[in-house]
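Below is one structure; the comments refer to it alone.
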Amino acid sequence: MKGQLKFYLMLFLACMIWGLTPICGRVLKDCMSPMLITGARFYLVALILFTSIYLIEGKKGLYLSRHDFLVLLLMGFVGIFLHNSLLFEALRMTPASNAALIESIGPSITSTLAFIIIGERLSKFGWLGIFISCFGAGYIVCKGSLDTLLHFQVNLGEIIVVVCEAMWSFYVVISWKLSKNVNALAVTAWTGLFGAIFCTLAGLIFNELHVYAITKTYIEAFLVLSLLTGVVAFVLWNFAITKVGASKGGTFVYLIPVFGAVFGVVILGEEFTLQEFIGALIVVIGMIISVKAKLSVRSNTKSVSEIKKHLIEKQALKLTSEK
């Protein structure tokens, strides 16, 4: 735990920065269309990071194996393009409170996919932490009202949010499939570029690339969205998630609505209720429990040398028994 503290702090900081995303989104909704916001944001992110990689490592830093290229392409498609575009589409059909409540299942989906895809096992103690954090997030959205939860109705928008969360969870889990040759800067740069390209293509096909107005405030919000939430937060997340595991790292996502509420109070002057404070406290408690839980990963494949050794030993055993 102590040795990984710095990685948990990175995840904490990434989620704190991502808490600014809804604030910037509210400001930019009158500036340009959602598809253009996402595409332009990640083109800028990719440009900055590719430049940094080239200056630090030269051309070799831009090299990708075929395996890593395909994994990053898939990550860009599901984590950048689908996650963002589906969320914007869902919010056209369902209230933000309903969407936020459903998003609470995200870490649970991540842990499930982590078990299926990479064999990552979280203990019962860890699952308890996820459940507690999920309850806290739901408590925040419902503002402590049982009536709000009981009258929760499912429509197409809610179903899309579930798919949206599954896409982000998939992004987190498959990042473990990357080789050690791809660092956090490269992961963020390539997935950002691929995601932006997908956004551009979809925007052209569905005529969703529009600019409504440009002001100093819009430019500042776009730069915060791109540089802080796009570059800094993604780099911190992509680096730390490979160190602590998808299940434990995914739990930190619960902190995003908490920080979003805090920034809403500080920046937009919104009200922060006692119920939201209690919910935030529950989220943090659950997250701490999950972080302290034991984690193990099964070995999915054996190296050629291990397989060869196993066959030799098996053959020797067979010869011995025959004698």
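Here are some notes:
- For region 167-278, fraction of C-alpha pairs farther apart than 18 Å, in %: 65 percent
- Rh by Kirkwood over Cα pairs, then Stokes-Einstein D for region 202-255 at 1.306 mPa s and 10 °C, µm²/s: 114 µm²/s
- Probe 1.4 Å - accessible area at Trp127, Å² to nearest ten: 100 Å²
- Note on exposure: Phe42, Phe135 ranked by accessible area (1.4 Å probe, complete protein assembly) read Phe135, Phe42, with the most exposed listed first.
- Long-range tail of P(r) for region 161-221 (Cα pairs > 20 Å, %): 53 percent
The values are calculated or read from the model by the stated rules, or taken from the named source; none is laboratory data. Values in this document were obtained by computation on a predicted structure and should not be read as measured data. SASA here: full protein model, heavy atoms, side chains in, ligands and nucleic acids out. Shrake-Rupley method; radii C 1.70, N 1.55, O 1.52, S 1.80 Å.
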